[in-house]
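**Student:** Sending over a structure as structure tokens; questions will come in a sec.
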Amino acid sequence: MTATEWLLWARGPAFEIATVILVMGIIVRLIEILMLGRKENLAAPKGSATTGGLRTIVSRSVPDSGTFQRSTFTIVAGYIFHIGLFVVIFLLAPHILVFSKLTGLSWPALPTTIVDAFAVITILALIAVLINRLNNKVKRYLSGPMDYIVWALTTLPLITGYMAFHRIGFSGPMLIALHIMSVELLMIAIPFTKLSHAFTLFLARFYNGAVTGIKGVQS
Amino acid sequence: MEPVKSPMDLNPAVKSTGAQGETVGEALRRQGISRRGFLKFCATTASLMALPPTMIPRIAEALENARRPSVIWLSFQECTGCTESLTRSHAPTIEGLIFDAISLDYHHTLQAAAGDAAEAAREEAMKENYGNYVLVVDGSIPLGNPGYSTIAGVSNEDMLKEAAAGAAAIIAVGSCSAFGGLPNADPNPTGAVSVQEIITDKPVVNVPGCPPIPVVITGVLAHFLTFGGLPELDQLGRPVAFYGQSIHDRCYRRPFYDKGLFAETFDDEGARKGWCLYKLGCKGPTTYNACAVTKWNDGTSFPIEAGHPCLGCSEPKFWDAGGFYEALSTPTTDIARTAVYAVAAGAAAGVAAGALNKANKKRALSEHQTTTLDDLSPGT
Amino acid sequence: MNRGDALPANFDIPVRVTEEFTGNVTPLLHEVRHALGALLDKGEQTIIDLRSMPLAPGEEAHIETALGQGEVRVELNALGRSDIIETQYPGVWLITHSNTDGTILGKYIEIALIPDILQAQEGDIQAGLEQLGDTLKTTSTENDNGTS
Amino acid sequence: MSKATERATQVFKEQIDAPTAAFFSSCVSCGMCADACLFYTETGDPKYTPINKLAPLRKVWFQEYTLTGKLLKLAGISKPLTDQDLTDWEELVYDSCTMCGRCSMVCPVGNDIAYMIRKMREGFAASGHAPESLVGATRRAVEIGSPMGVKLPALQAQIRHLEEDTGLSIPMDVKGVEYLCMLSSMEIMNFPEYIGAIAKIFKHAGVSWTLSSEAFEATNSGIQIGVSEIAAELVQRIVDAAEKLKVNTVISPECGHAYTALRWEGPNLVGKRFDFEVKHILEVLDELRAAGKIKTKDKMSERLTYHDPCQIARRGGVLEQPRKLIREFSDNFVEMPDAGAMNWCCGAGGGVSSNERADEIRIKVFQRKKDQIDAVNPDALVSACSNCRIHIEDGLEEYHMELPVLSLTETLAEHLDDSVET
């Protein structure tokens, strides 16, 4: 296959397959979760479960100062690569066009060179996160092969994207094809790995906040 | 009424018999060109071969002594756009001079001879120069049915194979002969293929483009004239000197891409200010060609400069590579519809999976055994 | 050729040059400066092909303005016209080759004491010498004939 | 599959609900819960990472309630729960987790780990994998009425002594009063002064109250060991007594898990909403204070700090009340670092104190509390949970520290202005 054919495959059938797997996989996962249900809480509430749940969805993004001091690296590196991923995924003009085609919505892009800088920072943060996972005894203990595979799947699109932008290693069509295909691998992996947290996190935080909300505690 | 000029008059390069013993230098001087003129010719030749000006003396020396090669030009499933591109100029251009320096022995669009006489000229030239002539091909070759395109009753495939056998070099001019081009576009009714899909035992220089830039065609000829061999080629068989960099990398609008300033429509403020055409479907990032530097119409402009996105015409499959006006990063299919179907299918599958889980849990609950004190310490 | 010529007067060409696009102008002028230094110090000649680099509309004119015009202006007629202009910086020449139709074939900046193309070529001198000799021979023969 | 694993799997399947599935789906193994857990911070052993303590439950969720898990189980790639899993995790789920819920506050994706530990214990208990001493306590709670084996006559004897000592009357089985006071066995046996303090404060505030001879034990071993049927039975005794005596409010004593058991789990365990209110003693005292019914005569000048019992504060929502009450009798109150909802557990909650096997680690992880105390260097520590107090006293002794550990209720009672009757 020529580079052009790879690119066409990546933009065509492969993207369709990845989208179907991602969308179906996530919806199945969410419905699976929701349909397990939870018992009605008969205890007289001190506060609102819904308010608490919604508040925690937001508030859990900001750690308390004690936790920040104890888990500084995890939090700082986590923040950097999550913000980096957000910027790179959602604020690069070519990416916005993909979302526009999917949703019809559009929003302003950041200058490409700024997104490029974010990509570099994000890659560095992810490398730091990997080194930390290998060296931190808790993370090493908790990690299975899947944790490392997921790391690779997350980092690969950033690296191929960087290569595509700076035109390193392959021809233009091949670089873009490789970049899109690496993203497709990531899309396919999301519903079946811990990457699903990108979607289920909202449910998890809500349930957590709802339980504490009823008790009149802010979590 | 003025008599219609024959193509021979318009193009002195087309001769049924060429002075094959002559060198290029002699041929030029015969036309009354001084050595200063020759030097000027060499300078512009270096320029069109994308060689540095320091190469001018070498080019001058080589051209002075190079023998004029015989060129046979075969046209298959094509639109004559490539020939038009090359011969469009009214005045002698440097491309024209290069053309003059060769002996174009067969080109059925340009030559005056027709029918049996033309074919006889071709056969004669091939015989005389066997092993030494340059074969130029434009147009794709239909493999679906040989009858789709024939010349003098000979199928394109047969004629190509026959001509290729004695060629010193094969140049596939235009995207049709290089990659299959328009005839090859989905659904490819004629089963069109490129030259290199048929000729696999010889290197083929691809000069794609729809049409290719004229100086690129002559640049390759000049290279063959000057150095007697083929220029360095990329993976797709294209001369690196012209196809080494993408349109995007050499585009004067690139700074706007970097700044994130894009024309959103053809008539908005961004379009008027000359911003990047990426969002309007520009294929510059995936297209390798020299348009941004050599430009067209004697260096006047090129599509992006005229406000139109690059179509990517020098890349394989460019007709089928997504819409011309669809941005390169976007899916080529109706992904929104696919996503809607996936949502529906996901919901159905999810409800089914959820119902199975629910039944599973219900069964567990129905099998519930009261945990008694005795269960807590099974050992006792 | 002015592109505007073929268009109605009120037609506004949509693509306007609003600023220096490619950023190639300043580096190019630096390159010229270095080459001029090399010419002075080591007698090294340099030719820069202006058509080998991506330039935005108007940038070529910008370069020409920046280089200005100096003392020498030569018009060469070989294979069409060529203009060889010394810029305001002695030793920096702007060479424009055109064809017989006036279409520009190439533009070069040459940094040299005198551009190569201006120097009389050996072959041409040889031919000229022969021609002059022939002419003199003919003249003297005629003269001889006349006096005899 | 053994009978035990079958049972555990079956119970896990009953217990797993939408929140559990959402939590497991969201874990990114970031390890931050380890930094929030004193069993990890003080031992440095990664097996004590809270999320790791849930591995068996997680396995069953994955295999039973996800499409991928079901397929991998069918393919034989995902192995079912084993007896070894249950044996290995017993220590993690009972000995080294107090269900304090600090990890649940820290988890960046919002996983309520304590919520799931509670569920996991159901399966462990049902499959016979609960610690022996906790089983004993549960047996005593069911059969005798108190995990410590305290019977009514013992309570009656303490009441007699208290009435003699204080001259206050301690009502028993009085119908139609405002409050029914529950007690913990620890208070009856170790801190009977609490009962005297209640009597004094309620007399001072002029409110009616009673004890019940049929249900005086507030603690609930069923909650700690993780057997809902037993927990429900224990809660039902209180509900019956409260309904029989027609009280408006049942007061949970200075005990952490008793509050969780009665206030939050109670109605869900017995399957109906209560006709009465359940309040922690601190909530009642603060209401009385707010109503102007509590007046103190003096304020302590010693440097006081307050230890938030996890089930009362973080898991119970009683955070402001103790601080307001302490200020009634102290003008030198300092907060320890992380006080309030993020306070560190003493290390003895969730049944750990009843679990002799956990004695060593319980003392080891007390280091965390010690550091927290050292940071403010108080003259005395006030708390509102007898279990916390006993363990903190143990810990202080073990670490050779001299620090009085006070009951908030008792200290308040000592500083009441006897001259006024509100």
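**Student:** Among the numbered criteria (1) away from every other protein chain (no Cβ under 11 Å); (2) polar (S, T, N, Q); (3) crowded, with 21+ Cβ neighbours inside 10 Å, which single criterion is violated by D:Thr43?
**Tutor:** If we test D:Thr43 against (1) away from every other protein chain (no Cβ under 11 Å); (2) polar (S, T, N, Q); (3) crowded, with 21+ Cβ neighbours inside 10 Å, just (3) comes out false.
**Student:** For residues that are surrounded by fewer than 24 Cβ atoms within 10 Å (Cβ to Cβ) and not hydrophobic (A, V, I, L, M, F, W, C), scanning just the stretch D:109-128, find the one that is farthest from A:Ser65 (Cα to Cα).
**Tutor:** Filtering the stretch D:109-128 for residues that are surrounded by fewer than 24 Cβ atoms within 10 Å (Cβ to Cβ) and not hydrophobic (A, V, I, L, M, F, W, C), the one farthest from A:Ser65 (Cα to Cα) comes out as D:Gly128.
**Student:** Say whether the condition of being buried (at least 20 other Cβ atoms within 10 Å of the Cβ), away from chain D (no Cβ under 11 Å) and of a type in the set (A, V, I, L, M) is met by at least one residue in the stretch A:139-148.
**Tutor:** no
So that you can scan it fast, the table gives a plain yes or no per residue for (1) more than 11 Å from chain A (Cβ to nearest Cβ); (2) buried (at least 19 other Cβ atoms within 10 Å of the Cβ); (3) of a type in the set (S, T, N, Q); (4) within 30 Å of B:Thr371 (Cα to Cα):
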site: D:Ser2; (1), (2), (3), (4): yes, no, yes, yes
site: D:Leu38; (1), (2), (3), (4): yes, yes, no, no
site: D:Pro56; (1), (2), (3), (4): yes, yes, no, yes
site: D:Glu64; (1), (2), (3), (4): no, yes, no, yes
site: D:Asp85; (1), (2), (3), (4): yes, no, no, yes
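**Student:** Does B:Ala336 count as among the hydrophobic types (A, V, I, L, M, F, W, C) and in contact with a Lys or Arg (Cβ under 7 Å, 6 or more places away or on another chain)?
**Tutor:** yes
**Student:** Of these, A:Thr4, A:Thr74, which one is modelled with pLDDT of 95 or more and buried (at least 22 other Cβ atoms within 10 Å of the Cβ)?
**Tutor:** Criteria check complete, one pass: A:Thr74.
**Student:** Tell me, yes or no, whether the stretch B:342-363 has at least one residue that is assigned to a loop (DSSP other than H, G, I, E, B) and either more than 8 Å from chain A (Cβ to nearest Cβ) or more than 22 Å from B:Leu236 (Cβ to Cβ) (or both).
**Tutor:** No, the stretch B:342-363 has no match at all.
**Student:** Sort out which residues of the stretch C:33-62 are of a type in the set (A, V, I, L, M, F, W, C) and either more than 14 Å from every other protein chain (Cβ to nearest Cβ) or farther than 16 Å from C:Ile84 by Cβ (or both), and write them in order of number.
**Tutor:** C:Ala35, C:Leu36, C:Ala38, C:Leu39, C:Leu40, C:Met53, C:Leu55, C:Ala56, C:Ala61
**Student:** Could you grab the pairs with beta carbons closer than 8 Å, sequence gap of 6+ or different chains, first residue in the stretch B:268-281 and among the acidic types (Asp, Glu), second one buried (at least 20 other Cβ atoms within 10 Å of the Cβ) and assigned to a helix (DSSP H, G or I)?
**Tutor:** Taking only residues 6 or more apart or on different chains, not a single pair turns up.
**Student:** Also: Given the criteria in the same structural domain as D:Thr210 (by TED's automatic domain parsing) and either at pLDDT 95 or above or among the small types (Gly, Ala, Ser) (or both), does D:Leu325 qualify?
**Tutor:** Criteria not met by D:Leu325.
**Student:** In the stretch A:201-219, which residues are among the small types (Gly, Ala, Ser), within 7 Å of chain D (Cβ to nearest Cβ) and over 15 Å from A:Ser61 (Cα atoms)?
**Tutor:** Answer for the stretch A:201-219, where residues must be among the small types (Gly, Ala, Ser), within 7 Å of chain D (Cβ to nearest Cβ) and over 15 Å from A:Ser61 (Cα atoms): just A:Gly216.
**Student:** Please state which of the following conditions D:Gly69 fails to meet, knowing it meets all the rest: (1) closer than 24 Å to A:Leu203 by Cα; (2) at pLDDT 95 or above; (3) in contact with a Ser or Thr (Cβ under 9 Å, 6 or more places away or on another chain).
**Tutor:** With respect to (1) closer than 24 Å to A:Leu203 by Cα; (2) at pLDDT 95 or above; (3) in contact with a Ser or Thr (Cβ under 9 Å, 6 or more places away or on another chain), D:Gly69 is out only on (2).
**Student:** Next question, about the same structure. Give just the number: which of (1) more than 23 Å from B:Pro57 (Cβ to Cβ); (2) touching a strand residue (DSSP E or B) at 6+ places or on another chain (Cβ under 6 Å); (3) assigned to a helix (DSSP H, G or I) does C:Asp134 not satisfy?
**Tutor:** If we test C:Asp134 against (1) more than 23 Å from B:Pro57 (Cβ to Cβ); (2) touching a strand residue (DSSP E or B) at 6+ places or on another chain (Cβ under 6 Å); (3) assigned to a helix (DSSP H, G or I), just (2) comes out false.
**Student:** On to the next question. Does the stretch B:297-316 contain any residue that is within 9 Å of chain A (Cβ to nearest Cβ), touching a Leu at 6+ places or on another chain (Cβ under 8 Å) and under 30 Å from A:Val23 (Cα atoms)?
**Tutor:** No: zero hits.
**Student:** Just checking, how many residues over the stretch D:87-130 are part of a helix (DSSP H, G or I) and either within 14 Å of chain A (Cβ to nearest Cβ) or more than 17 Å from the chain's Cα centre (by Cα) (or both)?
**Tutor:** 24
**Student:** Return a yes/no flag: does the stretch B:211-227 have any residue that is buried (at least 24 other Cβ atoms within 10 Å of the Cβ) and either part of a strand (DSSP E or B) or of a type in the set (Phe, Trp, Tyr) (or both).
**Tutor:** Looking through the stretch B:211-227, none of the residues is buried (at least 24 other Cβ atoms within 10 Å of the Cβ) and either part of a strand (DSSP E or B) or of a type in the set (Phe, Trp, Tyr) (or both).
**Student:** Could you please find all residues in the stretch A:132-174 being among the aromatic types (Phe, Trp, Tyr) and closer than 19 Å to A:Ala117 by Cβ?
**Tutor:** Once the filter is applied, which keeps residues that are among the aromatic types (Phe, Trp, Tyr) and closer than 19 Å to A:Ala117 by Cβ, the stretch A:132-174 yields A:Tyr162, A:Phe165.
**Student:** Residue check: is A:Ile176 buried (at least 23 other Cβ atoms within 10 Å of the Cβ), among the β-branched types (Val, Ile, Thr), under 20 Å from B:His248 (Cα atoms) and away from chain D (no Cβ under 14 Å)?
**Tutor:** So A:Ile176 passes the test.
**Student:** Looking only at residues that are surrounded by 21 or more Cβ atoms within 10 Å (Cβ to Cβ) and not in a helix (DSSP H, G or I) in the stretch A:182-219, which one is modelled with the lowest pLDDT?
**Tutor:** Only one residue fits best here, namely A:Ser219.
**Student:** Take the conditions under 21 Å from D:Glu283 (Cα atoms) and part of a helix (DSSP H, G or I) and apply them to D:Glu229. Does it pass?
**Tutor:** No: the conditions fail for D:Glu229.
**Student:** Farther than 30 Å from D:Lys364 by Cα, free of Cβ contacts under 8 Å to residues at least 40 places away in the same chain and buried (at least 17 other Cβ atoms within 10 Å of the Cβ), is that true of D:Leu71?
**Tutor:** no
**Student:** Residue by residue through the stretch D:131-169, note down the ones that are surrounded by fewer than 20 Cβ atoms within 10 Å (Cβ to Cβ), hydroxyl-bearing (Ser, Thr, Tyr) and either within 14 Å of chain B (Cβ to nearest Cβ) or part of a helix (DSSP H, G or I) (or both).
**Tutor:** Those that are surrounded by fewer than 20 Cβ atoms within 10 Å (Cβ to Cβ), hydroxyl-bearing (Ser, Thr, Tyr) and either within 14 Å of chain B (Cβ to nearest Cβ) or part of a helix (DSSP H, G or I) (or both): D:Ser133, D:Thr166.
**Student:** Of all residues in the stretch B:220-248, how many are without any contact (Cβ under 8 Å) to a residue 24 or more places away in the chain and within 10 Å of another protein chain (Cβ to nearest Cβ)?
**Tutor:** Residues that pass the stated criteria total 1.
**Student:** Still on this structure: Kindly indicate the residue of the stretch D:296-325 that is without any contact (Cβ under 8 Å) to a residue 24 or more places away in the chain and either within 14 Å of chain A (Cβ to nearest Cβ) or among the aliphatic types (A, V, I, L, M) (or both) and also farthest from D:Leu412 (Cα to Cα) among those meeting that condition.
**Tutor:** Applying the filter and picking the extreme gives D:Gly317.
**Student:** For the stretch B:24-57, which residues satisfy the criterion of being within 15 Å of B:Phe227 (Cβ to Cβ) and in contact (Cβ under 8 Å) with a residue 40 or more places away in the chain?
**Tutor:** B:Val24, B:Thr45, B:Leu48, B:Met49, B:Ala50, B:Leu51
**Student:** Right, another one. Which count do you get for residues in the stretch A:55-78 that are touching a Ser or Thr at 6+ places or on another chain (Cβ under 9 Å) and more than 10 Å from chain D (Cβ to nearest Cβ)?
**Tutor:** 1
The values are calculated or read from the model by the stated rules, or taken from the named source; none is laboratory data. All values reported here derive from a predicted model rather than from experimental measurement. Counting neighbours? That spans all protein chains shown, and the Cβs are built from the backbone with ideal geometry, glycine included.
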